[in-house]
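Asks: I'd like to ask you about the structure that follows.
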Amino acid sequence: MTSKENFKECLECKNHSRVPTFLFDLTFGMEVAGYTTTEIFQNGFDGKKSAKSIMASRKYLGHDAVIGSVLAADSRAFGAEVLFPPNGTPVIKTPAFSDPHALYEHDPNEIDNLVLENIVTSYNTIKKEDPEAFLMGHIPSILSLSTSFRGFESFMMDMLLDESYIKDIMNFSSNVSDIVQEQIFSDSDPDCMLISAAYDNVDLIGLDGLDKFSMPYISRMVNKASNMGRYATIHPHGSMTSEYGSKSVERFISTGIQCLYYGENNDPEMLSKLIDGRISIMGGIDTYTTIYLGPDSRVVRDTQKILKLMKDENYIFTCSCSIDRGLDAGRLKLMMNVVKKN
């Protein structure tokens, strides 16, 4: 069984030979490949360097699954000002719709540009040069996309004070998402849709907010993936194992996902009980407190602990969030070596 086949078997909750692995690599691979963040983004987006960064990271760490591009959707298409520090991560300085009226001056089709073509190039380069990699089609949730377009604080205030505007910006973002999904999935054929959902967070917007602003859009995205014959996994933030947050788990499962990728502040044992074998689980050690802060002994201990806990589950190993510049490469390598020896 190849690593790609093994990954698929786990997503389908079937017998698989070993624990599959995924790393959500955004800028870490750039360091491995020797690229600055600036050179990848300075002329729009360099799809080939994006792919080479992701492949360099996989070659170094040996994980089974990768995202297809270090960029998912480019808010610069709608006027955002984004900083790309050479040895840092991209930072949105001025959101596209910091002026709320700017929303009505743009068309979602503006996203269909040379940058999007290069995002597809990144996917296709990986597919051609590393065909054994399980390829994740990374698409932000509509709520996360809208938040990045508007700015976090402004978007949260709009949710409280101007629901009609929220409806407009989320419809706009949904149309943008449709265009990006169509290009990526029709032109490069990834194996699975990965919905990054930082703001579909029960601690942030509550269960009512999830029901109103999150679940309808996520269900639609998952349904589109299913209609294309693709798996879907979602990566929400927030505690899904607190007494209150645990009520969100059933909501996420009901969207039709094959895998729930949990982040920080979750109890994997409790989450496993809530899921009860219905879908696969992705997660692992904490990116910041364990990998960034260390020491090495904690990386080994925490990795061994989660592997032991999840040994009878349909479980995919990863760390709690994306891997980026500044993370200790040696500790990431150590983490992956522990998994491989399991």
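Asks: Cβ-Cβ below 8 Å, separation at least six or inter-chain, first residue in the stretch 229-247 and on the phi > 0 side of the Ramachandran plot, second β-branched (Val, Ile, Thr) and crowded, with 23+ Cβ neighbours inside 10 Å: which pairs?
Replies: Filtered contacts from the stretch 229-247: 238/202.
Asks: If you don't mind, there's one more thing I want to ask. Could you list, ordered by first residue, the pairs with Cβ atoms under 7 Å in which the first is in the stretch 138-152 and basic (Lys, Arg) and the second is at pLDDT 95 or above, at least 6 apart or interchain?
Replies: Hits for this filter: 150/95; 150/97; 150/158; 150/169.
Asks: While we're here: Please enumerate the residues belonging to the stretch 316-342 that are assigned to a helix (DSSP H, G or I) and of a type outside the set (Val, Ile, Thr).
Replies: 329, 330, 331, 332, 333, 334, 335, 336, 337, 340, 341
Asks: Just need a number here: residues in the stretch 10-30 that are buried (at least 21 other Cβ atoms within 10 Å of the Cβ) and either under 18 Å from the mean Cα position of the chain (by Cα) or acidic (Asp, Glu) (or both).
Replies: 12
Asks: Between a first residue in the stretch 261-272 that is farther than 19 Å from residue 197 by Cα and a second residue that is acidic (Asp, Glu) and surrounded by 15 or more Cβ atoms within 10 Å (Cβ to Cβ), which pairs have beta carbons less than 7 Å apart while being 6 or more apart in sequence or on different chains?
Replies: 272/313
Asks: Does residue 177 satisfy being part of a strand (DSSP E or B) and under 30 Å from residue 125 (Cα atoms)?
Replies: In short, no.
Asks: Sort out which residues of the stretch 67-85 are among the acidic types (Asp, Glu) and either in contact with a helix residue (DSSP H, G or I) (Cβ under 8 Å, 6 or more places away or on another chain) or closer than 24 Å to residue 130 by Cβ (or both), and write them in order of number.
Replies: Passing the criteria: only 74.
Asks: Please go through the stretch 273-302 and give me each residue that is out of contact with any Leu (no Cβ under 9 Å at 6 or more places or on another chain), of a type outside the set (Ser, Thr, Tyr) and either free of Cβ contacts under 8 Å to residues at least 24 places away in the same chain or farther than 20 Å from residue 23 by Cα (or both), ordered by number.
Replies: Those that are out of contact with any Leu (no Cβ under 9 Å at 6 or more places or on another chain), of a type outside the set (Ser, Thr, Tyr) and either free of Cβ contacts under 8 Å to residues at least 24 places away in the same chain or farther than 20 Å from residue 23 by Cα (or both): 273, 274, 276, 277, 278, 293, 295, 298, 301, 302.
Residue by residue, here is whether (1) closer than 24 Å to residue 335 by Cα; (2) basic (Lys, Arg); (3) buried (at least 20 other Cβ atoms within 10 Å of the Cβ) holds:
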| residue | (1), (2), (3) |
| --- | --- |
| 246 | no, no, no |
| 258 | no, no, yes |
| 261 | yes, no, yes |
| 265 | yes, no, no |
| 282 | yes, no, yes |
| 296 | yes, no, no |
| 299 | yes, no, yes |
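Asks: State all residues of the stretch 20-36 that are charged (D, E, K, R) and under 18 Å from residue 123 (Cα atoms); if no residue qualifies, say none.
Replies: 25 - this is the single residue of the stretch 20-36 that is charged (D, E, K, R) and under 18 Å from residue 123 (Cα atoms).
Asks: Does at least one position in the stretch 304-312 carry a residue that is at pLDDT below 95 and under 29 Å from residue 158 (Cβ atoms)?
Replies: Within the stretch 304-312 (the criterion being at pLDDT below 95 and under 29 Å from residue 158 (Cβ atoms)), the answer is no, since none of the residues qualifies.
Asks: A further question on this structure: How many residues are in contact with a helix residue (DSSP H, G or I) (Cβ under 6 Å, 6 or more places away or on another chain) and assigned to a loop (DSSP other than H, G, I, E, B) when one looks only at the stretch 115-131?
Replies: Matching residues across the stretch 115-131 total 1.
Asks: Just give me the residues in the stretch 43-77 being in a helix (DSSP H, G or I), of a type in the set (A, V, I, L, M, F, W, C) and under 28 Å from residue 103 (Cβ atoms), in sequence order.
Replies: Selection gives 77 alone.
Asks: Please specify each residue of the stretch 12-56 satisfying the condition of being in contact with a Leu (Cβ under 8 Å, 6 or more places away or on another chain) and of a type in the set (S, T, N, Q).
Replies: Correct list: 50 only.
The values are calculated or read from the model by the stated rules, or taken from the named source; none is laboratory data. The shown structure was predicted, so the numbers you read here are calculated from the model rather than taken from an experiment. Virtual Cβ from ideal backbone geometry, glycine too; neighbours counted across all protein chains shown.
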